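Reviewing the structure listed below.
The values are calculated or read from the model by the stated rules, or taken from the named source; none is laboratory data. All of these numbers come straight from a predicted model, not from anything done at the bench. With ideal geometry, Cβ positions are generated from the backbone for all residues, glycine too; neighbour counts draw on all protein chains shown. Calculation scope for accessible area: heavy atoms of the full protein, side chains included, ligands and nucleic acids excluded. Shrake-Rupley method; radii C 1.70, N 1.55, O 1.52, S 1.80 Å.
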Amino acid sequence: MPAPRLNRSKAAALERLLNMLYKPAELAEELGVSHDTVYRSYIPAGAPVVLDAGGKVWINGRQFAQWARDYLTTTRRGKSKPPMPAGHAYCMRCNRVVMVQSPKMRPHSRRQNVVQLSGTCPECGGKIHRFIKSS
Ligand SMILES: [Zn+2]
């Protein structure tokens, strides 16, 4: 799958995201993309997510914006940056990509071909999660 793109007008919309938790559909509306784009592109590409007790996905606007600037935005010539390396995920506390420690893979509760990578952050010991497209 090609890396998801975020063009410059969408990148400007990142600035408007607040430091709060968004549902994927709300985030999609803020960015002016379809919510499928969030589920099918951004989250499998490693967007930082929070899982609540019921397994629902929440996205912090600030942290998503920072991640998106690093991993989604293209250069002026439309080239995208390299994807997040395997075994890495975004730590919500450290605000950067780290190597996942003691990683566990399990299938997504509702979506086929998506696995959930969970583990701990080597820097702060916090739990980190990432969804990865498996095929
Ligand atoms: Zn951390």
Residue that is surrounded by the fewest Cβ atoms within 10 Å (Cβ to Cβ) [pool: residues in segment 24-39 that are out of contact with any His (no Cβ under 9 Å at 6 or more places or on another chain) and touching a residue at least 12 places away in the same chain (Cβ under 8 Å)]:
G32
Of all residues in segment 1-59 being hydroxyl-bearing (S, T, Y) and over 27 Å from G87 (Cβ atoms), the one that is modelled with the lowest pLDDT:
S9
Can you pull out every residue in segment 101-135 that is under 21 Å from S41 (Cβ atoms) and in a loop (DSSP other than H, G, I, E, B)?
H108, S109, R110, R111, Q112, N113, S134, S135
Being hydroxyl-bearing (S, T, Y) and either surrounded by 13 or more Cβ atoms within 10 Å (Cβ to Cβ) or more than 17 Å from V57 (Cα to Cα) (or both) is the filter here, so list the residues in segment 100-130 that pass it.
S102, S118, T120
Is it true that A86 is closer than 19 Å to L6 by Cβ and either assigned to a loop (DSSP other than H, G, I, E, B) or aliphatic (A, V, I, L, M) (or both)?
no
(1) open to solvent by 20 Å² or more (accessible area, probe 1.4 Å); (2) within 10 Å of the ligand (Cβ to nearest atom); (3) touching a Lys or Arg at 6+ places or on another chain (Cβ under 8 Å): which one isn't true of Y90, the others all being true?
(1)
Quick one: is K133 in contact with a helix residue (DSSP H, G or I) (Cβ under 7 Å, 6 or more places away or on another chain), at pLDDT below 90 and open to solvent by 70 Å² or more (accessible area, probe 1.4 Å)?
no
